[in-house]
Amino acid sequence: MTLTAPSSARSGSSLIETVIAMGVLAVAIPLVFGALAESGKSTMSSVLETRSAWIVPACMDEIRASRDGRPQFFTATTAGQAFPPIGDVWALVFSPEGKALGKITKSVYDSGTKDFNGQPVRYIATLSATAIVLTNAENTLKPGAPPMMRGSISLEYPAGAPAAKRQKLGFNTRLP
């Protein structure tokens, strides 16, 4: 005659198996959510790179218009003049499709915005220009070199986040 344990004693999990399973879940769940968050950031970045084909030319058009004395959003500037004035920001907001909606103030830029005149905002573009000096190999001024400016356009997203927390994509050029 052989004795066997009741079937209820053999089924189920031991305490150690349960603790190990909970430990695996405690590690795996944050990793899955972290991967999902990074995937979302990557998607937003690639969409911005696609939209930059419309946003950057719109910003350059505004800079050219400012130089020609007919800006749509900002003040007129002259060739060789740096912008924006110290302590200010030249910032334009763009829709999710990449359409320019208008300019925003420094305080709105710093805190972020999700809408502009009832339209959703996804991106903010900042424009600036600083003087550069063209030199030759001996680091002396080139004779007859026109004054040049270093133009910068920074595309930032998400527009609703404070300025310090936004992701940025920068573009640079030279301006007369």
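The values are calculated or read from the model by the stated rules, or taken from the named source; none is laboratory data. Only a predicted model underlies this, so the values are computations on that prediction, with no experimental measurement involved. Cβ placement follows ideal geometry from the backbone for every residue including glycine, while neighbour counts extend to all protein chains displayed.
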Filtering the range 116-125 for residues that are assigned to a strand (DSSP E or B), more than 18 Å from Arg67 (Cβ to Cβ) and either modelled with pLDDT under 95 or in contact with a strand residue (DSSP E or B) (Cβ under 7 Å, 6 or more places away or on another chain) (or both) leaves a count of 4
Suppose the filter is free of Cβ contacts under 8 Å to residues at least 60 places away in the same chain and outside any helix (DSSP H, G or I); does Phe73 pass it? yes
Of the candidates Pro30, Pro120, Pro71, Pro57, the one satisfying the condition of being of a type outside the set (A, V, I, L, M, F, W, C), within 16 Å of Tyr157 (Cβ to Cβ) and out of contact with any Phe, Trp or Tyr (no Cβ under 6 Å at 6 or more places or on another chain) is Pro120
Given the options Glu49, Glu38, name the one that is assigned to a helix (DSSP H, G or I), free of Cβ contacts under 8 Å to residues at least 12 places away in the same chain, within 30 Å of the chain's Cα centre (by Cα) and surrounded by fewer than 12 Cβ atoms within 10 Å (Cβ to Cβ). Glu38
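Results for (1) β-branched (Val, Ile, Thr); (2) at pLDDT 90 or above; (3) within 23 Å of the chain's Cα centre (by Cα); (4) assigned to a strand (DSSP E or B), shown as yes or no for each residue.
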{"position": "Pro146", "(1), (2), (3), (4)": "no, no, no, no"}
{"position": "Met149", "(1), (2), (3), (4)": "no, no, no, yes"}
{"position": "Ser152", "(1), (2), (3), (4)": "no, yes, yes, yes"}
{"position": "Glu156", "(1), (2), (3), (4)": "no, yes, yes, yes"}
{"position": "Gly160", "(1), (2), (3), (4)": "no, yes, yes, no"}
{"position": "Ala164", "(1), (2), (3), (4)": "no, yes, yes, no"}
